[in-house]
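Single-structure report; data block below.
The values are calculated or read from the model by the stated rules, or taken from the named source; none is laboratory data. If you're wondering where the values come from, they're calculated on a predicted model, not measured in any experiment. So basically every Cβ, Gly included, is an ideal-geometry build from the backbone, and we count neighbours across all protein chains shown. These accessible areas exclude ligands, DNA and RNA; they are computed on the full protein's heavy atoms, side chains included. Shrake-Rupley method; radii C 1.70, N 1.55, O 1.52, S 1.80 Å.
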Amino acid sequence: MIIDRLVRALDDRLRTAPVLRKALAKIFPDHWSFMLGEIALYAFVALVLTGVYLTLFFDASTVESTYHGRFAPLDGARVSAAYASTVRLSFDVRAGLLMRQTHHWAALVFVGAIVLHLLRIFFTGAFRKPRELNWLIGVTMLALALLNGFTGYSMPDDLVSGLGLQIIWSAVLSIPVVGSWIAFLAFGGEFPGEQIVPRMFVTHVLIVPAVLTALIGLHLAILVRQKHSQFPGPGRTENNVVGSRFWPGYTVRTLSLFAWVLAVLFGLGGLVQINPIWIYGPFAPGRATSPAQPDWYVAWGDGALRLWPPVEFRIAGHLVAAPFVPGVLLGAVTFLLLYLVPWLDRRRLRGGPSHQLLDPPREHPVRIGLGVAGLTFFTVILVTAADDIIAKLLRVPVLDVLSILRVLVFVLPVLAGPLAFLIARALRASRGQGVGSIGREHLRAAVDRHAGGDGPAELLAPELDQVVEVWPQDELTWRWRYRSGKIELTSNQSYLSRSAAEEAARTAYRGRSVTLLERSLPATRTARGRLRRAARATGRGATFAALLVAVLSRRKRPDPAPRRPDPFDDRPDPE
């Protein structure tokens with residue numbers, strides 16, 4: 001009742017009812033893969049919540065200080081203020097370790113969800129016109145997430161993060177001509193410098209989160225403006241969206257996912273140890289530790305540096321040091337290709353109109369082959385970041401492991417890409433639901449050069465008995481629906497006239513005639529709606545009455561008057 005009054009008061013002043021009604025009626029597809037972006041969003045919310053708490057206790061300074069706290073092995077040691085405050089936050093601040101580890105796990109999940117979301121967009125062609133801008137926003141968010149993850153990982157000034165900063169320093173110095181200028185500008189002088197931790201702190205807690213928040217808002221605004229893409233299916237066209245309304249179905253689902261994401265992240269933060277800097281010790285330029293690996297989302301850069309041989313060369317008289325190609329050029333080329341994906345794909349398919357329906361991945365074998373080859377390449381260099389751990393587990397020399405990985409980084413992508421291409425073509429020829437439906441004839445068709453090019457074939461069998469109908473929902477509004485066999489799809493909103501309902505139906509299903517529904521369905525549905533509203537009102541009233549009775553019954557009653565003793569009662573008083 002209070003919420004109803006607040007909504008009515010807000011509508012009286014701002015006329016928000018039409019906007020809210022349209023927003024609550026928005027349709028979202030039901031496919032599970034669309035929840036990957038929401039996992040990234042909710043992980044970002046967890047990052048903000050835990051990050052605000054950590055900011056209150058972290059000292060972003062490399063000034064030397066003395067640690068005094070509950071961690072006895074370090075008590076009285078001279079360390080940097082950043083390292084001391086992080087250890088103190090882990091052992092002396094209530095819930096500090098929980099927040100630290102939850103923040104770290106949320107960062108891993110955030111980047112992972114963005115990567116999976118971009119992979120879903122890539123393999124289904126959701127980056128095509130008119131969604132190129134959202135693809136660019138997503139790639140930029142990935143780059144910012146990597147940057148913010150690395151700066152947050154490096155701020156505690158422990159031995160492992162200090163080694164990572166030293167690697168970045170060397171990679172930046174390897175840039176021809178301008179490398180030394182950029183390195184000294186970022187670090188504030190010679191490594192390790194005294195300005196890098198405060199600058200990373202400002203970048204980590206202020207600049208990048210603000211830009212990410214703006215990009216998330218822009219991404220969601222474009223999504224609402226352009227409407228959601230969807231997979232092909234019965235009743236789904238380039239001009240409609242089939243799924244659940246935002247209220248109440250989709251709201252319950254997404255809030256449940258939010259609760260699950262928070263529960264999993266805080267569960268990991270409380271039960272699974274991560275980044276124990278008190279074991280690594282404080283950073284010192286003359287010390288190193290092995291084995292040591294960074295977080296997975298930057299491990300591919302570390303693996304590339306380990307794979308690349310110590311080869312240096314000169315261009316126009318300028319030395320190109322060994323770390324330049326794996327440490328700078330590889331990342332720059334990777335993100336450049338990611339930014340160009342929509343236009344490279346459009347050039348390969350020779351353009352085309354706007355697309356609202358997604359591509360089943362099997363319908364584009366070339367895209368599948370290139371994507372799998374790229375994933376295989378980056379998986380190998382990511383595994384290479386753990387070559388010392390692999391050597392320790394297998395009890396073999398680390399150089400032998402490195403030599404094998406240098407071969408695999410070229411061989412596996414060359415094998416995996418064409419294999420994925422052939423499997424996609426075989427699946428397209430079989431029209432089955434999985435790899436198990438592929439037969440010999442389908443493999444022959446996949447190998448056949450003239451079995452069909454890359455691009456969508458007939459995605460769905462022709463639907464029979466398709467009917468689009470309109471009917472008066474009550475005395476003032478009209479609705480429409482689509483029927484094909486057992487499938488029935490109803491419009492998500494009502495219309496004030498029959499012509500408006502027919503126009504909306506023709507927009508969703510172009511080329512189909514619209515008929516007037518002659519059954520007495522509207523009256524039945526109206527009666528059912530009234531019964532539901534009456535039942536909900538009765539339930540709310542009963543709940544309020546039960547709560548009122550419970551509160552009144554628990555009010556403290558006055559103690560009864562003491563009983564006067566009976567002079568003739570010789571029984572002992574109860575104790």
All conditions in (1) outside any helix (DSSP H, G or I); (2) of a type outside the set (Ser, Thr, Tyr); (3) free of Cβ contacts under 8 Å to residues at least 40 places away in the same chain are true of Val411 except (1)
Pairing a residue in segment 115-135 that is closer than 15 Å to Pro232 by Cα with any residue that is among the aliphatic types (A, V, I, L, M) and open to solvent by less than 20 Å² (accessible area, probe 1.4 Å), where Cβ atoms lie under 7 Å and the two sit 6 or more apart in sequence or on different chains, gives Thr124/Leu358; Gly125/Leu358; Ala126/Leu358
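Yes or no, residue by residue, for (1) among the charged types (D, E, K, R); (2) within 19 Å of the chain's Cα centre (by Cα); (3) in a loop (DSSP other than H, G, I, E, B); (4) surrounded by 19 or more Cβ atoms within 10 Å (Cβ to Cβ):
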| site | (1), (2), (3), (4) |
| --- | --- |
| His68 | no, no, yes, no |
| Gly76 | no, no, yes, no |
| Thr102 | no, yes, no, yes |
| Ala107 | no, yes, no, yes |
| His117 | no, yes, no, yes |
| Ile121 | no, yes, no, yes |
| Leu136 | no, yes, no, no |
| Leu147 | no, yes, no, no |
Practice task
Could you please let me know if Ala60 is modelled with pLDDT of 90 or more and in contact with a Pro (Cβ under 6 Å, 6 or more places away or on another chain)?
Solution key: yes
State whether the residues of segment 33-42 include one that is out of contact with any helix residue (DSSP H, G or I) (no Cβ under 7 Å at 6 or more places or on another chain), open to solvent by 80 Å² or more (accessible area, probe 1.4 Å), assigned to a helix (DSSP H, G or I) and not polar (S, T, N, Q). no
Scanning segment 493-511 residue by residue, the ones that are open to solvent by less than 70 Å² (accessible area, probe 1.4 Å) and assigned to a loop (DSSP other than H, G, I, E, B) total 3
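Among residues belonging to segment 495-514 that are of a type in the set (Gly, Ala, Ser) and at pLDDT 80 or above, point out the one that is farthest from Gly235 (Cα to Cα). Full working, then the answer.
Going through segment 495-514, the residues of a type in the set (Gly, Ala, Ser) turn out to be 497, 499-501, 504-505, 508, 511, 513.
Next, from what is left, pick out any that are at pLDDT 80 or above: 497, 499-501, 504-505.
Details: Ser497: 24, Ser499: 21, Ala500: 20, Ala501: 17, Ala504: 15, Ala505: 12 Å.
Of everything passing the filter in segment 495-514, Ser497 is farthest from Gly235 (Cα to Cα).
Can you confirm whether Ala84 is under 19 Å from the mean Cα position of the chain (by Cα), among the aliphatic types (A, V, I, L, M) and outside any loop (DSSP other than H, G, I, E, B)?
Values: under 19 Å from the mean Cα position of the chain (by Cα): no; among the aliphatic types (A, V, I, L, M): yes; outside any loop (DSSP other than H, G, I, E, B): yes.
Judged against the criteria, Ala84 is not a match.
Only residues that are touching a helix residue (DSSP H, G or I) at 6+ places or on another chain (Cβ under 7 Å) and open to solvent by 30 Å² or more (accessible area, probe 1.4 Å): list them for segment 49-64, please. Give the steps one after another, and end with the answer.
Step one: list which residues in segment 49-64 are touching a helix residue (DSSP H, G or I) at 6+ places or on another chain (Cβ under 7 Å), which gives 50-51, 53-55, 57-63.
Scanning segment 49-64 gives Tyr53, Thr55, Phe57, Phe58, Asp59, Thr62, Val63.
Looking at the structure I just gave you, is Ile368 in contact (Cβ under 8 Å) with a residue 40 or more places away in the chain, under 28 Å from Ala292 (Cα atoms) and under 28 Å from the mean Cα position of the chain (by Cα)?
Details: in contact (Cβ under 8 Å) with a residue 40 or more places away in the chain: yes; under 28 Å from Ala292 (Cα atoms): no; under 28 Å from the mean Cα position of the chain (by Cα): yes.
Judged against the criteria, Ile368 is not a match.
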Of those in segment 91-100 that are in a helix (DSSP H, G or I) and open to solvent by 10 Å² or more (accessible area, probe 1.4 Å), the residue nearest to Gly269 (Cα to Cα) is Leu98
Given (1) loosely packed, with under 15 Cβ neighbours inside 10 Å; (2) without any contact (Cβ under 8 Å) to a residue 40 or more places away in the chain, Arg88 misses just (1)
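Please go through segment 373-389 and pick out each residue that is open to solvent by 50 Å² or more (accessible area, probe 1.4 Å), touching a Leu at 6+ places or on another chain (Cβ under 9 Å) and of a type outside the set (Ser, Thr, Tyr). Quick ask: steps written out before the conclusion?
Taking segment 373-389 and keeping what is open to solvent by 50 Å² or more (accessible area, probe 1.4 Å), we get 375, 377-379, 382-383, 389.
Remaining after also requiring touching a Leu at 6+ places or on another chain (Cβ under 9 Å): 375, 377, 379, 383.
Result: Leu375, Phe377, Val383.
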Output for Cβ contacts, cut-off 7 Å, separation at least six or different chains, first residue farther than 22 Å from Gly269 by Cβ in segment 44-67, second surrounded by 15 or more Cβ atoms within 10 Å (Cβ to Cβ) and of a type in the set (Asp, Glu), reads Thr62/Asp157
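Here's the yes/no breakdown for (1) touching a residue at least 60 places away in the same chain (Cβ under 8 Å); (2) within 30 Å of Ser180 (Cβ to Cβ); (3) among the aromatic types (Phe, Trp, Tyr):
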position: Phe246; (1), (2), (3): yes, no, yes
position: Gly249; (1), (2), (3): no, no, no
position: Thr254; (1), (2), (3): yes, no, no
position: Leu268; (1), (2), (3): yes, no, no
position: Ile279; (1), (2), (3): no, no, no
position: Leu329; (1), (2), (3): no, yes, no
Filtering segment 402-420 down to residues that are within 10 Å of Val372 (Cβ to Cβ) and open to solvent by less than 60 Å² (accessible area, probe 1.4 Å) yields Pro413, Ala416, Gly417, Ala420
I'd like to check something: does segment 359-372 contain any residue that is assigned to a loop (DSSP other than H, G, I, E, B), modelled with pLDDT under 85 and open to solvent by 20 Å² or more (accessible area, probe 1.4 Å)?
no
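Find the strands (runs of 3 or more DSSP E) located wholly in segment 453-492 whose residues include 2 or more that are modelled with pLDDT of 70 or more and of a type in the set (Val, Ile, Thr), and list them.
Working: elements: 466-472, 478-484, 487-490.
So the answer is 466-472, 487-490.
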Exercise. Taking Leu340, is it free of Cβ contacts under 8 Å to residues at least 40 places away in the same chain, within 29 Å of Val177 (Cα to Cα), open to solvent by 20 Å² or more (accessible area, probe 1.4 Å) and in a helix (DSSP H, G or I)?
Worked result: yes
* To do: Test Ala426 against the stated conditions and say whether it is open to solvent by less than 20 Å² (accessible area, probe 1.4 Å), closer than 22 Å to Leu370 by Cβ and touching a residue at least 12 places away in the same chain (Cβ under 8 Å).
  => yes
